Structure formats: C-alpha cells, structure tokens
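Enquirer: Input: one structure, supplied below.
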Amino acid sequence: MKASELRNYTDEELRNLLEEKKKQLMELRFQLAMGQLKNTSLIKLTKRDIARIKTILRERELGIRR
C-alpha cells in the first residue's frame, strides 16, 4: 500500500489495518518456520506496510501535516 492511500483512512481504520497486518506477519513467520512459505518477500512488504501505518498514526498524533 502507498502512504497516499493510507492517509485517506480514518484513525480507527488504520488501527484495525495495523492489527490485521501484524496478524498477517505472524502467519507469514510461522509459514517460513514450517517451510511452507514460497514467496519470502511478503514478509518484507508486510513489515513496510506496518511501518507506514505507524508513521501516519504518529504524524496525526503529533499534528504533522504534509
């Protein structure tokens, strides 16, 4: 997801999406450990999405606007 797309979400939607991404990351890590994950780049992409969501939430908390 792009940051510009995420900025259109409300704070509550972002928090829900953050929880979903964290669950997805946990599932991906389990799949990796079990040897079932074929596309390991999904872990990296999910981590980046989590970071983007956290950054946008923090910007809103601090009142930073771009």
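Enquirer: Could you tell me what percent of the accessible area of the chain is made up of carbon and sulfur, with a 1.4 Å probe and every protein chain present?
Expert: Roughly 50 percent, rounded to a whole number.
Enquirer: Continuing with this model, one more query. Between Glu20 and Lys54, what is 0.36 nm times their sequence separation minus the Cα-Cα distance? Round to one decimal in nm.
Expert: Here the segment from Glu20 to Lys54 would lengthen by 10.9 nm.
Enquirer: With the convex hull built on the Cα atoms of the chain, state its orientation-averaged projected area in nm².
Expert: Approximately 4.5 nm², given one-decimal rounding.
Enquirer: Which whole-Hz ³J(HN,Hα) couplings does segment 19-25 yield from phi under the Karplus relation 6.51 cos²θ - 1.76 cosθ + 1.60, θ = phi - 60°, glycine and proline marked x?
Expert: 5, 4, 5, 5, 5, 4, 4
Enquirer: Moving on to the next point. Rounded to the nearest whole Å², what accessible area per residue is found for the chain with the 1.4 Å probe?
Expert: 80 Å²
Enquirer: Return the sequence-ordered ³J(HN,Hα) values of segment 46-62 in whole Hz as given by the Karplus equation 6.51 cos²θ - 1.76 cosθ + 1.60 applied to θ = phi - 60°, using x for Gly and Pro.
Expert: 5, 4, 5, 4, 4, 5, 4, 5, 4, 5, 5, 4, 5, 4, 5, 5, 7
The values are calculated or read from the model by the stated rules, or taken from the named source; none is laboratory data. Note that the coordinates shown come from a computational prediction; the quantities given were computed from them, not determined experimentally. Protein only, heavy atoms only, side chains kept; ligands, DNA and RNA dropped before computing areas. Shrake-Rupley method; radii C 1.70, N 1.55, O 1.52, S 1.80 Å.
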